[in-house]
Amino acid sequence: MRFLASPHTTGDWWVSAVNLVADFVLVDLVGALMDVWTGEVAAGVQEFGWRGLMSAGVDPVVSARMSRIRGRDTAPEIKVRRELHRRGLRYRVNFKPVSTLRRTVDIAFTRQRVAVLIDGCFWHGCPEHFRPAKGDRREFWEAKIAENQRRDQDSSRAFTLAGWTVLRFWEHADPVEVADKIEDEVIKRSVSRRSPSETPCR
């Protein structure tokens, strides 16, 4: 959006000033939209990988832009991790509970064997916030989400069979409440794993 000075105007400083303000507003708007877009794409990259997203019809220019986006350390994960760290709890991130299985959890307490996953509302089909995709690619995305949910169930089952306690939370959940539940489970598992010699005498 540009403003042009009148040919009868002796000076066009006001035009430059208006154009400068318009440029700043446009940059801020584009930046905000890109933040939302990159957040969604980052979650998609983490779940499906680049090939999965490319099969959805993403053009090469968008693909190149997407390749610079990180697929881990999402904002909901970081909020929960900060709250846990503030409470003095220490953990591993992006950890593989089962070495033979190429699947990771967002937060892991290895001594207590507690695995935590923060699931994105769209990519995992949140019952509160998930909205089916519209248009020509609707069937494609519905199949992807269903596949992801099956993978979630399979991962939880495999981790549980390996002796882990699996805790799953939606990304919209309050990070303090999430940390409360995680802390309670970690404490409970710590007590249950103590040896008889470590049990205090009465």
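The values are calculated or read from the model by the stated rules, or taken from the named source; none is laboratory data. Bear in mind the structure is a predicted one, so any value in this text is a computation, not a measurement. Neighbour counts run over all protein chains shown; Cβ positions are idealised from the backbone, glycine included.
Structure notes:
- Any hit, segment 54-74, residues being assigned to a helix (DSSP H, G or I), out of contact with any Cys (no Cβ under 8 Å at 6 or more places or on another chain) and at pLDDT 95 or above: no
- Pair list, Cβ under 7 Å, 6 or more apart: segment 172-188 residue in the same structural domain as R111 (by TED's automatic domain parsing), other residue of a type outside the set (D, E, K, R) and part of a helix (DSSP H, G or I): P175/V80; V178/V80; A179/V80; A179/L84; I182/L84
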